[in-house]
Amino acid sequence: RILKATSTELCSSFIGDVIRNVGTFMITNVIEDEEVLAWKDELQQYIQLNTKVHGHTLYGSPPERPQVYEIYWSKPQIKARQHPNVVRAIAFANQLWSFGRDSSAVHSHAVETP
């Protein structure tokens with residue numbers, strides 16, 4: 001079972017307890033569709049215009065019909081990773097569990113979102 005939670009539900013301490021019990025979760029509605037679609041358009045233009053990035057050829061996989069490109073440092077990717085809602089969602093997820101020194105024990109933490 002995969003628990004779905006909206007980004008606004010992350011403020012609830014209850015949701016953290018539920019996620020810890022389920023163990024798997026998906027956060028939805030983190031970024032507005034219009035903004036994501038604008039980034040997608042910008043990224044498609046970037047891929048079409050750039051055959052080289054930082055001196056390296058921009059490769060796509062699989063070669064016959066590329067679906068995944070080496071685009072980590074493109075502007076749309078940077079915007080997505082730095083979006084305040086994404087940062088909040090990552091901070092939320094990172095606070096749920098941690099590993100002990102021996103990497104075998106999992107510890108739960110109280111959830112507080114920034």
Just wondering, is there one or more residues in the stretch 10-29 that are under 21 Å from TYR72 (Cβ atoms), surrounded by 15 or more Cβ atoms within 10 Å (Cβ to Cβ) and not β-branched (Val, Ile, Thr)?
no
For VAL68, are the conditions met, namely being at pLDDT below 75 and surrounded by 11 or more Cβ atoms within 10 Å (Cβ to Cβ)?
no
Quick check: anything in the stretch 12-26 within 15 Å of the chain's Cα centre (by Cα) and not in a loop (DSSP other than H, G, I, E, B)?
yes
Criterion: farther than 25 Å from THR6 by Cβ and part of a loop (DSSP other than H, G, I, E, B) - qualifying residue of ILE31, ILE47, ILE71:
ILE71
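The values are calculated or read from the model by the stated rules, or taken from the named source; none is laboratory data. Keep in mind that what you see is a predicted model, and the values were worked out from it rather than measured. Reconstructed Cβ throughout: ideal geometry from the backbone, glycine too, with neighbour counts over all protein chains shown.
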